[in-house]
1. Report the charge-dipole magnitude of segment 110-171 in Debye, nearest 20, computed about the Cα centre from +1 at each Lys and Arg Cβ and -1 at each Asp and Glu Cβ.
2. Give or take rounding to whole Å, what are the principal axis extents of the alpha carbon atoms in segment 73-139, in descending order?
3. When the chain is treated as a GNM, springs tying every alpha-carbon pair under 10 Å, which of G173, G145, G132 comes out with the largest mean-square fluctuation?
4. Which of rounded, prolate, oblate describes segment 183-228, given a ≥ b ≥ c as roots of the alpha-carbon gyration tensor eigenvalues and a/c under 1.5 marking rounded, otherwise prolate only if a/b is larger than b/c?
5. Given the C-alpha centroids of segment 152-229 and segment 99-145, what is the distance between them in whole angstrom?
6. Considering only DSSP beta bridges whose two residues both sit in segment 110-171, what percent are antiparallel, to the nearest 5?
7. Evaluated at 37 °C with a viscosity of 0.692 mPa s, what Stokes-Einstein diffusion coefficient in µm²/s does the chain have when Rh comes from the Kirkwood expression over alpha-carbon pairs?
8. Would you mind checking the radius of gyration and Dmax of segment 140-229 based on alpha-carbon positions, in Å?
Amino acid sequence: MKISKFIFALLVLIVAIVPAFPANAEGEETFTVTFTSSTGYLFYPDEAETDDSEVQITVESGHVLAEEDIPVFLTLEGGCAKLIGWSPCDPVGVVVDSDLIFETITEQWYFPVCFYDYDGSVIKDYYWVEKGSCLEPPPDPVREGYVFTGWSDDGYLNVVYDVSAYAIYSILGDVNTDEVLNTGDAVMILKYIANTEMLDKVQMRIGDFNKDNEVNTGDATAILLSIVG
């Protein structure tokens, strides 16, 4: 009777232990390797692309993970991520002796770049631009009574963040940049003509009130006449 109880207890123990060690048809121990991502899809090249954020493979104990075991990463639709590694380590070369989980490490690699006019209307939208790109800005916008002087953000020259560039204008003739067309602008132009005041390139463009491609007494006169009405 004691022997029978012992055999029964041994069988119960074996039944309890065996499920903890999965095996293939030949009785060899196998483990599950899981690859997961929170920023994109994972799939294998010889399979159709899917929208799965997690894939699994089952391998025998002692299997060394190779390149063909690692799934391809594809950023989410409309996303901007680029795969730069895996956590907790690079899977390639890892010897599988237990169930493993690898998660993608990504960084933002594509950025939206948009050029806006003063009223918020879109002049040019580049949508997603690769990190480090240098973009050509759109042609200078035109606004009646104003001179375009640049963009509010020059991040488009080396894209490393989301860029929203707004057109900057100055009032035509407002060479002293006080945002009001007044006699002070005419006086400043006259001082420039008399070589007692300097104007930079932007001020020269602003000061060309009569649009004859130079700053002269005609501009000062036109400004004064405009003020008088």
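None of the figures in this text is laboratory data; all of them are computed from the coordinates on show. Just so you know, these numbers come straight off a predicted model, no measurement behind them. Cβ atoms come from the backbone with ideal geometry, glycine included; neighbour counts cover every protein chain shown.
1. Values: 3 positive and 10 negative charges, 13 e Å.
Dipole of segment 110-171, to the nearest 20 debye: 60 debye.
2. 62, 19, 14
3. Taking springs between Cα atoms under 10 Å, the residue moving most is G145.
4. Oblate, since a/c reaches 1.5 and b/c is not below a/b.
5. Distance between centres, Cα-based: 29 Å.
6. On the way: 12 of 16 bridges.
So the antiparallel bridges amount to about 75 percent of the total.
7. Working: Rh = 24.3 Å.
Using the Kirkwood radius from Cα pairs, D works out to 135 µm²/s.
8. Looking at segment 140-229, its Cα Rg and Dmax stand at 15.0, 49 Å.
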